[in-house]
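Trainee: Sharing a structure below in structure tokens format, with a few things to ask.
Readers should treat all values here as calculations from the given coordinates under stated rules, not as data from a laboratory. Just so it is clear, the model here is predicted, and its values are computed rather than measured. Cβ coordinates were reconstructed from backbone atoms using ideal geometry, including for glycine residues, and neighbour counts include every protein chain displayed.
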């Protein structure tokens with residue numbers, strides 16, 4: 001029983017982390033129609049800035065508050081200074097641009113921080129393992145589950161229940177019509193891109209105590225995040241949540257019960273889902 | 001033919017002609033110029049720390065031989081970034097050999113890259129000097145006479161720590177190795193050794209390279225009720241494992257035993273790493289006059305203490321310079337002959353390059369991560385030192401007698 005609970009928690013914690021990253025990726029695709037290769041690097045940037053903030057302040061909590069807006073502003077600047085000009089071009093341009101950005105950012109981080117991974121301690125309150133009726137489970141992972149649920153709910157409510165969310169959904173559905181109706185599409189795009197980067201930054205800060213901040217963490221997470229988004233359906237927040245749960249479960253349970261398949265199981269699941277729903281679980285048929 | 005077509009053909013022909021000149025011809029033209037050493041190293045990506053260690057060692061070596069050179073000729077290092085990818089490593093190595101005309105390749109970081117690049121060296125007729133790569137196969141199944149391994153291999157590391165564990169009260173072990181050549185080789189060696197010492201392997205797993213969540217493996221290790229877990233995980237993977245195992249409270253129950261106990265891990269993991277034991281290819285805390293000097297020079301230049309592959313790469317370069325001097329030429333065949341069955345006075349002790357498989361016979365170390373107020377991070381404390389004959393496998397095998 002304790003073992004089953006542990007497996008479940010492991011899947012949830014990883015899913016939480018994946019959700020924080022894939023939600024932004026999905027949003028950007030839904031609204032900007034851009035597959036953002038640089039998304040993983042914004043996650044990595046979040047982790048490194050988190051390390052710096054913790055090193056400067058001696059505390060973990062400020063990093064969680066300060067870093068996402070910084071990454072978000074940087075993201076918005078990137079969108080308004082580069083991506084904005086090539087929306088009308090074939091998708092390969094956007095792919096090349098975001099891929100190039102990813103390389104530049106990753107190498108800049110390496111030059112600034114050096115090759116050694118940067119360890120970040122969880123906040124004092126969340127260090128060590130909690131005793132859940134005989135099961136020792138890291139407090140920090142429990143926190144990750146809660147954090148991602150709160151963020152997921154907040155993003156969903158924002159998109160569904162606020163006027164700004166309504167405009168964003170309108171742009172996602174038909175940007176030309178939204179433009180005609182007076183929505184400032186260019187601004188919406190910049191803000192959404194910034195917000196998505198902020199989410200990735202938050203994911204990075206949250207991941208740092210679990211994985212340390214290291215070179216290559218962006219590439220490693222972006223592959224999983226793409227799988228999540230493809231499974232869940234491009235552009236859907238609910239889909240990102242479902243996709244994260246499926247990928248989190250496939251990876252942790254795969255590694256536990258079928259270790260020889262740890263590498264492929266995630267892709268096998270994705271393939272199986274795509275056979276029945278090529279547009280993903282929550283995506284819309286185009 | 002239109003002008004543009006002509007130009008295209010001309011350019012293509014020109015490129016083809018340059019590449020088409022046999023490598024040995026271009027080499028003779030270059031005779032008398034600098035001695036070029038090519039480093040197709042992982043300088044970016046998750047395993048950049050290894051490539052950067054090789055580069056740091058080369059930088060110190062360049063500084064140390066400044067003005068003298070080798071055979072009176074200057075030494076030129078040419079670096080190429082492989083990002084830790086075998087296909088890229090082969091491409092970059094080919095560029096170094098065919099375009100830059102290097103005769104010596106070193107600094108390759110991962111065993112997967114080394115196996116791919118080394119396989120091409122007989123055809124290119126260049127020497128591959130391993131100073132990092134652990135996969136046992138490199139000096140066994142995949143060996144050829146252009147390959148030299150200066151460093152301790154994975155099976156040798158596994159041997160050293162097994163000899164240490166044979167004397168320890170620990171009885172049950174779990175083995176966790178990254179799912180590629182080095183991880184699997186090391187776990188294989190460890191399993192054979194530990195079983196021979198009448199101890200038990202209670203579980204084995206091979207997580208993929210780049211695993212970022214070890215929770216599932218941690219659960220299994222805990223359930224196996226092992227006394228120790230043998231880890232053959234490369235740099236970053238080991239750091240993540242140790243961090244997460246610490247958060248699960250596992251390190252207190254199951255002692256981490258590292259195939260390579262690296263400074264990189266100790267810096268990133270910090271105090272949670274204290275108490276971990278393992279083997280070391282080169283512990284910078286070795287107390288010999290040569291090493292004390294080296295550590296000081298290294299620290300002066302780079303501001304950090306030398307990690308395992310800083311030391312091993314420096315030794316490789318110094319040894320290579322010694323054999324080129326002995327051969328009196330940088331001709332590849334003559335250098336191979338001069339290197340075989342030659343000795344070298346390394347930083348931590350004597351080295352001997354045996355002829356049968358070009359594996360350097362050298363000391364093996366069992367070390368423990370300890371805190372020392374003199375250093376900003378935990379450091380390796382030497383628990384036991386084993387003579388080369390005890391930790392080097394039988395020729396062209398991964399087995400020990």
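Trainee: Compute the acute angle (0 to 90°) between the alpha-carbon long axis of helix A:237-257 and the principal axis of greatest extent of the alpha-carbon atoms of chain A; round to the nearest 10°.
Mentor: Result, in degrees: 30.
Trainee: Cα centroids of the stretch B:50-75 and the stretch B:310-388: how far apart, whole angstrom?
Mentor: 16
Trainee: Any idea what the relative contact order of the stretch B:135-259 is, in percent, if you count C-alpha pairs under 8 Å spaced at least 6 apart? Walk me through the numbers on the way to the answer.
Mentor: Details: 193 pairs, mean separation 33.5, N = 125.
Taking the mean separation of contacting Cα pairs over the length of the stretch B:135-259, I get 27 percent.
Trainee: Ok, one more. If contacts are Cα pairs under 8 angstrom and at least 6 residues apart, what is the relative contact order of chain B in percent?
Mentor: Numbers: 822 pairs, mean separation 63.7, N = 401.
In percent, rounded to a whole number, it is 16.
Trainee: Additional query: Would you list A:1, A:270, B:170, B:258 from fewest to most Cβ contacts within 10 Å? Kindly include the intermediate steps, with their values, before the conclusion.
Mentor: On the way: A:1 8, A:270 20, B:170 17, B:258 25.
With the sparsest Cβ surroundings first, the list reads A:1, B:170, A:270, B:258.
Trainee: Throw me the Rg/Rh for the stretch A:66-176, computed over C-alpha atoms with Kirkwood Rh, two decimals.
Mentor: Working: Rg = 20.0 Å, Rh = 18.4 Å.
Rg divided by Rh gives 1.09.
Trainee: Suppose only helical runs count, i.e. DSSP H with n ≥ 4. What mean residue ellipticity at 222 nm does that imply for the protein assembly as shown under -39500 (n - 2.57) per run, divided by all residues and rounded to the nearest 500 deg cm²/dmol? The partial results should precede the final answer.
Mentor: Working: 26 runs with 388 residues, N = 687.
Mean residue ellipticity at 222 nm (helix-derived): -18500 deg cm²/dmol.
Trainee: Taking chain A as the reference, fit the longest principal axis to its C-alpha atoms, fit the long axis of helix A:139-161 to the helix C-alpha atoms, and give the angle between the two in degrees, 0 to 90, nearest 10.
Mentor: 20
Trainee: Just to compare against my own numbers: the Cα pair-distance distribution for the protein assembly as shown, 20 Å bins, whole % per bin, please.
Mentor: Answer for the protein assembly as shown: a P(r) of 18, 47, 30, 6, 0 percent.
Trainee: Looking only at Cα atoms, what is the convex hull volume of the stretch B:155-264 per residue, in Å³?
Mentor: Numbers: hull volume 9.7 nm³, N = 110.
With only Cα atoms used, the stretch B:155-264 gives 88 Å³ per residue.
Trainee: Moving on to the next point. Mind checking the log10 I(q)/I(0) for the stretch A:5-115 at q = 0.13, 0.19 Å⁻¹? Debye, one equal scatterer per Cα, no solvent, two decimals.
Mentor: -0.59, -1.08
Trainee: Continuing with the same structure: Semi-axes of the equivalent ellipsoid of the stretch B:62-185: what are they in whole Å, largest first, if each equals the square root of 5 times a C-alpha gyration tensor eigenvalue? Let's see the in-between values first.
Mentor: Values: eigenvalues 206, 66, 32 Å².
Each semi-axis is √(5λ); the values are 32, 18, 13 Å.
Trainee: Same structure, new question: Could you quote the convex hull projected area for chain B, Cα atoms only and averaged over all directions, in nm²? Working shown, then result.
Mentor: Working: hull surface 85.5 nm².
So the mean shadow area of the Cα hull is 21.4 nm².
Trainee: May I pose another question? Could you state the number of Å between the C-alpha centres of the stretch A:185-243 and the stretch B:197-234?
Mentor: If you average the Cα positions of each part, the centres end up 30 Å apart.
Trainee: Over the stretch A:2-215, calculate the relative contact order: mean separation of alpha carbon pairs under 8 Å at least 6 apart, over the residue count, as a percent. Intermediate results must be reported in sequence, preceding the final value.
Mentor: Working: 293 pairs, mean separation 94.9, N = 214.
It rounds to 44 percent for the stretch A:2-215.
Trainee: Angle check, please: helix B:86-98 long axis (alpha carbons) against the longest principal axis of chain B (alpha carbons), in degrees 0 to 90, nearest 10.
Mentor: For B:86-98 against chain B, the angle is about 30 degrees.
Trainee: Regarding the stretch A:131-183, what's the average projected area of the Cα-atom convex hull, expressed in nm²?
Mentor: On the way: hull surface 19.8 nm².
If you wrap the Cα atoms of the stretch A:131-183 in a convex hull and average its projections, you get 5.0 nm².
Trainee: Taking every pair of alpha-carbon atoms in the stretch B:63-112, what share in percent sits in each 10 Å bin, from 0 to the bin with the longest distance?
Mentor: 23, 44, 25, 8
Trainee: Let me ask you something else. Using Cβ counts within 10 Å as a stand-in for footprinting exposure, how do B:343, A:148 rank, fewest first?
Mentor: On the way: B:343 13, A:148 24.
Listed from fewest to most nearby Cβ atoms, that is B:343, A:148.
Trainee: Further question: Taking just the C-alpha trace of the stretch A:2-215, give me its Rg and Dmax in Å.
Mentor: Cα radius of gyration and Dmax of the stretch A:2-215 are 18.5, 61 Å respectively.
Trainee: What whole number of Å gives the distance from the Cα centroid of the stretch A:1-37 to the Cα centroid of the stretch B:136-151?
Mentor: Their Cα centres are 43 Å away from one another.
Trainee: Contour minus end-to-end for residue B:345 and residue B:399, with contour as 0.36 nm per residue of separation and end-to-end as the Cα-Cα distance? The partial results should precede the final answer.
Mentor: On the way: separation 54, 0.36 × 54 = 19.44 nm, distance 2.62 nm.
Result: 16.8 nm gained on full extension.
Trainee: Note down the nm distance, to one decimal, between modelled labels 7 Å out along Cα→Cβ at residue A:164 and at residue B:299.
Mentor: Between residue A:164 and residue B:299, the label points sit 5.3 nm apart.
Trainee: What ranking do B:374, B:255, B:326, B:66 get, fewest neighbouring Cβ atoms within 10 angstrom at the top? Kindly include the intermediate steps, with their values, before the conclusion.
Mentor: Values: B:374 6, B:255 20, B:326 13, B:66 10.
Placing the least packed residue first, the sequence is B:374, B:66, B:326, B:255.
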